[in-house]
1. If one computes P(r) from the Cα atoms of the range 36-150, what percent of pairs lie at distances over 22 Å?
2. Would you work out which of 175, 43, 59 lies farthest towards the positive end of the dipole of the chain? Charges go on Cβ: Lys and Arg +1, Asp and Glu -1.
3. Rounded to whole Hz and in sequence order, give me ³J(HN,Hα) for the range 87-102 from the Karplus expression 6.51 cos²θ - 1.76 cosθ + 1.60, θ = phi - 60°, writing x for Gly and Pro.
4. If you take the Cα Rg of the chain and divide it by 2.2 N^0.38 Å, with N the number of residues, what do you get?
5. How many Å³ per residue does the convex hull of the Cα positions in the range 115-154 occupy?
6. Work out the length of the dipole vector of the chain about its Cα centre, built from +1 on the beta-carbon of each Lys and Arg and -1 on the beta-carbon of each Asp and Glu, and round it to the nearest 20 debye.
7. Fewest to most neighbouring Cβ within 10 Å: what's the order for 133, 14, 142?
8. Amide H to amide H under 5 Å from residue 158: which residues, 5+ apart in sequence or cross-chain, H placed 1.01 Å off N in plane?
Amino acid sequence: MLNGERKLRVAVLVSGGGTNLQAILDATKNGLIQNAELSLVLSNNPAAYALQRAQRAGVPTVVLSRRELGGQEQFEAAMIRVLEDCGIDLIVLAGFMTILSEDFIRRYDHRILNVHPSLIPAFCGKGFYGLRVHEEALARGVKLSGATVHFVNEIPDGGEIIAQKAVEVLPGDTPELLQRRVMEQAEWILLPRAIETVARQWMKIGQ
Ligand code: GAR
């Protein structure tokens, strides 16, 4: 930890399997992440396996359903309440498959990170998420894909890029095979590193 100061408090937002969340949990355990602590895992899907990963690691979890709360505005208001109650500094979108409004994004300017499974600006933007990204990459016949960690702004996948890593596309790849390789060789490495980098910068400038 830098200068014995407090750690950056991180919330990870998830919807599904949570392998990126697992990479963050592992990086915290093995000391790769030192200046940030995982303080909350928030899911919009009660069945997300990511919730079990968080619970196993003793991280508090919250589930919020847009439908049950009555719409986007109420959903985001509830999210903001939870994030503020937990004193969250940084929000990490790790497979969070739901839209965030411009108001929400502006409120957390340079305080939301996203991991995207391609080399932005390729195969990104509206409609490009999860397996779909890899289907499009294979359909286009690219020989390199990869992953990007970036700050979130109002433009889908358009915010400032923090880190990228290329991954080879191999003959015979299916979307599932390519997705797994991009996760293993890029996402799970880049995302924990980016959190630590942001935490160090943050602590240095004493925000
Ligand atoms: C990851 O590949 C992540 O990059 C992608 O969803 C997957 C979630 O997996 N996110 C997007 O496509 C966002 N546009 P995980 O739940 O196992 O971490």
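No lab work stands behind these numbers, since they all come straight from the coordinates. All figures in this text were calculated on a predicted structure; none of them were measured in a lab. Cβ sites come from the backbone with ideal geometry, for glycine too, and all protein chains shown count toward neighbours.
1. 42 percent
2. 59
3. Ordered by residue, 3J(HN,Hα) equals x, 6, 9, 10, 9, 10, 8, 10, x, 8, 8, 8, 6, 10, 6, 4 Hz.
4. Details: Rg = 16.6 Å, N = 207, 2.2 N^0.38 = 16.7 Å.
Ratio of Cα Rg to 2.2 N^0.38 Å: 0.99.
5. Working: hull volume 2.6 nm³, N = 40.
So the per-residue hull volume is 64 Å³.
6. 380 debye
7. In order of increasing Cβ crowding within 10 Å: 142, 133, 14.
8. Amide H neighbours of residue 158: 153.
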